[in-house]
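S.K.: I have a structure here, written as structure tokens, and I will follow up with some questions on it.
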Amino acid sequence: MKNITVIGAGTMGNGIAHTFAQSGYQVNLMDVSEVSLEKAINTITKNLDRMVAKGKISEADKSTTLGNIATKTDLKASVENADLVVEAATENVEIKLNIFRQVDEYAKPEAILASNTSSISITKIGAVTSRPEKVIGMHFMNPVPIMKLVEYIKGYSTSQEVCDQITTLSKNLNKIPVEVNDYPGFVANRILMPMINEAIITLFEGVAGVAEIDTVMKLGMAHPMGPLQLADFIGLDVCLSILNVLHDGFGNPKYAPCPLLVNMVTAGKLGIKSGEGFYDYAESRKAEKVSSQFS
């Protein structure tokens, strides 16, 4: 595989495009918004500048990486020559299914179609295409250029050949691939989201404050960041979406989202992306100041 198309220029999409391009692949980064594409290239450039400053790559490496990325707003033109298409659009099932219907129509028959979904069924996505055996989950972790894991999800119809190809590809990206079967939340979010939800419930019930909950998990459990800070980093809307997938998929009340989380998302308090969540990011993107709602 040489030609990669990444659909969606948000946080995950630009990170995936950056990673492939830095590993020598030709990348089409596609988004319907020119503004989002411009923002994505600016983000990739800043991240590469940071790597140059740290001595991890050279200026020539940076130039080569940026030269490997082309931006496009037309879906058909983006995917028609792709060996692999990685969808990284909004975590919304209807949006994703619609994208895959179109990509299946435009992409060459031998192309592999992957989704970076964090919880939506790969079997369901594959079922709307004419090539379910070539549809796979490729769940990268944020920030993509740094995090080593690729959780790849084998749908009901995904072929072993495609799994083997994605395993090899992931290793070529200097990632560690882990195979997971297609059940709600896969492994990462099936374990992570109930923990985050329980931390929110602990706050909601007044057991402890935001900083206290995060401090316990950082100092007591050796987590690099606390669950409430991590929720802000992921996006509270994304957390809520994944919990809803888990709750709907299993029908188990243990996955029911905390009412506080629901209220915060309804109020537009989504974490870093909106400037406020459990922490206030008005002055810094670091979780240095607890939101006034909880202080």
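The values are calculated or read from the model by the stated rules, or taken from the named source; none is laboratory data. Fair warning: this is a prediction, and the values are worked out from it, not measured in the lab. Every residue, glycine among them, receives a Cβ derived from its backbone with ideal geometry; neighbour counts consider all protein chains shown.
S.K.: Could we say that Ala40 is of a type in the set (A, V, I, L, M, F, W, C), crowded, with 16+ Cβ neighbours inside 10 Å and either outside any helix (DSSP H, G or I) or outside the structural domain of Ser241 (by TED's automatic domain parsing) (or both) here? It would help to see each step written out before you state the result.
M.R.: On the way: of a type in the set (A, V, I, L, M, F, W, C): yes; crowded, with 16+ Cβ neighbours inside 10 Å: yes; either outside any helix (DSSP H, G or I) or outside the structural domain of Ser241 (by TED's automatic domain parsing) (or both): yes.
Considered against the rule, which asks whether it is of a type in the set (A, V, I, L, M, F, W, C), crowded, with 16+ Cβ neighbours inside 10 Å and either outside any helix (DSSP H, G or I) or outside the structural domain of Ser241 (by TED's automatic domain parsing) (or both), Ala40 comes out as yes.
S.K.: Identify, from the list Glu91, Glu133, the residue that is surrounded by fewer than 23 Cβ atoms within 10 Å (Cβ to Cβ) and touching a helix residue (DSSP H, G or I) at 6+ places or on another chain (Cβ under 6 Å).
M.R.: Values: Glu133 fails: touching a helix residue (DSSP H, G or I) at 6+ places or on another chain (Cβ under 6 Å).
Only one candidate passes the filter, namely Glu91.
S.K.: Restricting attention to region 172-211, report how many residues are buried (at least 16 other Cβ atoms within 10 Å of the Cβ), in a strand (DSSP E or B) and among the acidic types (Asp, Glu).
M.R.: Summing the residues that are buried (at least 16 other Cβ atoms within 10 Å of the Cβ), in a strand (DSSP E or B) and among the acidic types (Asp, Glu) in region 172-211 gives 0.
S.K.: Which residues, counting only those in region 122-136, are within 10 Å of Lys154 (Cα to Cα) and either among the small types (Gly, Ala, Ser) or touching a Gly at 6+ places or on another chain (Cβ under 6 Å) (or both)?
M.R.: Ile122, Thr123, Val135 - these are the residues of region 122-136 that are within 10 Å of Lys154 (Cα to Cα) and either among the small types (Gly, Ala, Ser) or touching a Gly at 6+ places or on another chain (Cβ under 6 Å) (or both).
Yes or no, residue by residue, for (1) touching a Phe, Trp or Tyr at 6+ places or on another chain (Cβ under 6 Å); (2) at pLDDT 95 or above; (3) outside any strand (DSSP E or B); (4) closer than 30 Å to Met51 by Cα:
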residue	(1), (2), (3), (4)
Ala77	no, yes, yes, no
Asn81	no, yes, yes, no
Val103	no, yes, yes, no
Glu110	no, yes, yes, no
Ile120	no, no, yes, no
Pro145	no, yes, yes, yes
Thr158	no, yes, yes, no
Cys163	no, yes, yes, no
Ile166	yes, yes, yes, yes
